[in-house]
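The values are calculated or read from the model by the stated rules, or taken from the named source; none is laboratory data. All of these numbers come straight from a predicted model, not from anything done at the bench. Here the Cβ positions follow ideal geometry from the backbone for every residue, glycine too, while neighbour counts run over all protein chains shown.
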Amino acid sequence: FSTFPGSPKWRKSHITYRIVNYTPDLPRQSVDSAIEKALKIWEEVTPLTFSRIFEGEADIMISFAVGEHGDFYPFDGPGQSLAHAYPPGPGFYGDVHFDDDEKWTLGPSGTNLFLVAAHELGHSLGLFHSNNKESLMYPVYRFSTSPANFHLSHDDIEGIQSLYAPSPS
Amino acid sequence: YPLHGAVTQGHPSMDLAQQYLEKYYNLKKNEKQIFKRKDSSPVVKKIQEMQKFLGLEMTGKLDSNTMELMHKPRCGVPDVGG
């Protein structure tokens with residue numbers, strides 16, 4: 001695993017998130033549930049807790065966008081770049097952007113929203129890419145396991161716990 | 001061609017490699033120009049850096065395994081810090 005330069009991390013254990021908009025590919029409830037599940041995998045192995053807000057500025061603002069979308073990293077249409085996220089910090093830091101030119105799904109076809117969200121939220125919490133192919137934080141997308149049975153790799157757990165310590169439970 | 005015998009300047013593979021290295025491996029503009037010159041060693045080094053990071057054999061060439069991985073969908077966050 002690796003962390004961003006300077007190892008930025010949240011200096012609090014309770015983090016807010018907001019789903020700013022939705023993809024037309026999935027019902028809203030499915031998007032909500034995929035994001036919740038993705039946060040839960042990190043919550044289970046750290047002292048961090050997450051709560052959703054519906055207005056105002058959350059620590060992690062989650063949105064779907066196409067092409068140029070207000071930062072210096074425009075999306076590139078279908079394929080290749082699926083999403084990106086920023087390391088912890090104020091303002092746009094911590095935010096997650098999904099490329100809405102992808103076909104977002106909850107299954108093995110298209111791009112699985114839960115898996116990508118879990119990866120991107122790893123960035124939002126301070127993890128950089130891992131060169132370990134088994135790690136969730138490996139940069140290349142692969143659908144290798146049913147999201148229902150998904151587990152973080154040791155590499156991911158070691159990485160996040162190096163920033164936040166293990167879960168107290 | 002110094003990178004790979006089967007790949008020539010202006011070839012789609014070359015364009016993809018250039019874009020990929022620029023986007024995810026911090027290939028700089030002056031290094032991009034090297035794609036047009038005979039001495040491509042800095043670009044070979046960048047390709048090797050990418051191959052090492054992604055767990056591929058470090059050939060420094062745009063071989064089929066490397067090209068296959070570059071075509072796969074991925075996270076948009078660069079693999080090397082800027």
- [ ] Considering every residue within the range A:14-28, establish whether at least one is assigned to a helix (DSSP H, G or I) and either surrounded by 17 or more Cβ atoms within 10 Å (Cβ to Cβ) or over 13 Å from the mean Cα position of the chain (by Cα) (or both).
- [x] yes
Open item on the list: Quick check on A:Asp95: is it surrounded by 21 or more Cβ atoms within 10 Å (Cβ to Cβ), acidic (Asp, Glu) and within 14 Å of another protein chain (Cβ to nearest Cβ)?
Closed with: yes
TODO: Please work out if A:Leu106 is away from chain B (no Cβ under 11 Å) and modelled with pLDDT under 95.
DONE: yes
TODO: Please indicate, with yes or no, whether at least one residue in the range A:60-79 is under 26 Å from A:Ser144 (Cα atoms), exposed (fewer than 14 other Cβ atoms within 10 Å of the Cβ) and away from chain B (no Cβ under 14 Å).
DONE: no
Task: Any hit, the range A:49-57, residues being part of a strand (DSSP E or B) and over 25 Å from A:Ser153 (Cβ atoms) - done: yes
Task: Scope the range B:67-82; condition farther than 23 Å from A:Thr3 by Cβ and within 12 Å of chain A (Cβ to nearest Cβ); matching residues - done: B:Glu68, B:Leu69, B:Met70, B:His71, B:Lys72, B:Pro73
Task: Residues satisfying the stated conditions in the range A:132-169, i.e. assigned to a loop (DSSP other than H, G, I, E, B), closer than 19 Å to A:Pro87 by Cα and either in contact (Cβ under 8 Å) with a residue 60 or more places away in the chain or aliphatic (A, V, I, L, M) (or both) - done: A:Ser135, A:Leu136, A:Met137, A:Ala165
TODO: Enumerate the pairs (first residue in the range B:42-55 and more than 11 Å from every other protein chain (Cβ to nearest Cβ) and in contact (Cβ under 8 Å) with a residue 12 or more places away in the chain; second residue anywhere and of a type in the set (Asp, Glu) and part of a helix (DSSP H, G or I)) with beta-carbon separation below 8 Å, excluding pairs fewer than 6 apart on the same chain, so at least 6 apart or on different chains.
DONE: B:Val43/B:Glu31; B:Lys46/B:Glu31
Open item on the list: Given the condition hydroxyl-bearing (Ser, Thr, Tyr), surrounded by fewer than 24 Cβ atoms within 10 Å (Cβ to Cβ) and not in a loop (DSSP other than H, G, I, E, B), answer yes or no: does some residue in the range A:120-127 qualify?
Closed with: no
Task: Residue match in the range A:84-91 (condition: among the aliphatic types (A, V, I, L, M), in contact with a Phe, Trp or Tyr (Cβ under 8 Å, 6 or more places away or on another chain) and crowded, with 17+ Cβ neighbours inside 10 Å) - done: no
Task: The lone exception for A:Ser130 - which of (1) under 27 Å from A:His154 (Cα atoms); (2) small (Gly, Ala, Ser); (3) exposed (fewer than 15 other Cβ atoms within 10 Å of the Cβ) it fails - done: (3)
Task: Filter result (within 21 Å of A:Ser124 (Cα to Cα) and of a type in the set (Ser, Thr, Tyr)) within the range A:94-111 - done: A:Thr111
Task: Those residues of the range A:135-152 which are within 16 Å of the chain's Cα centre (by Cα) and more than 14 Å from chain B (Cβ to nearest Cβ), in sequence order - done: A:Pro147, A:Phe150, A:His151, A:Leu152
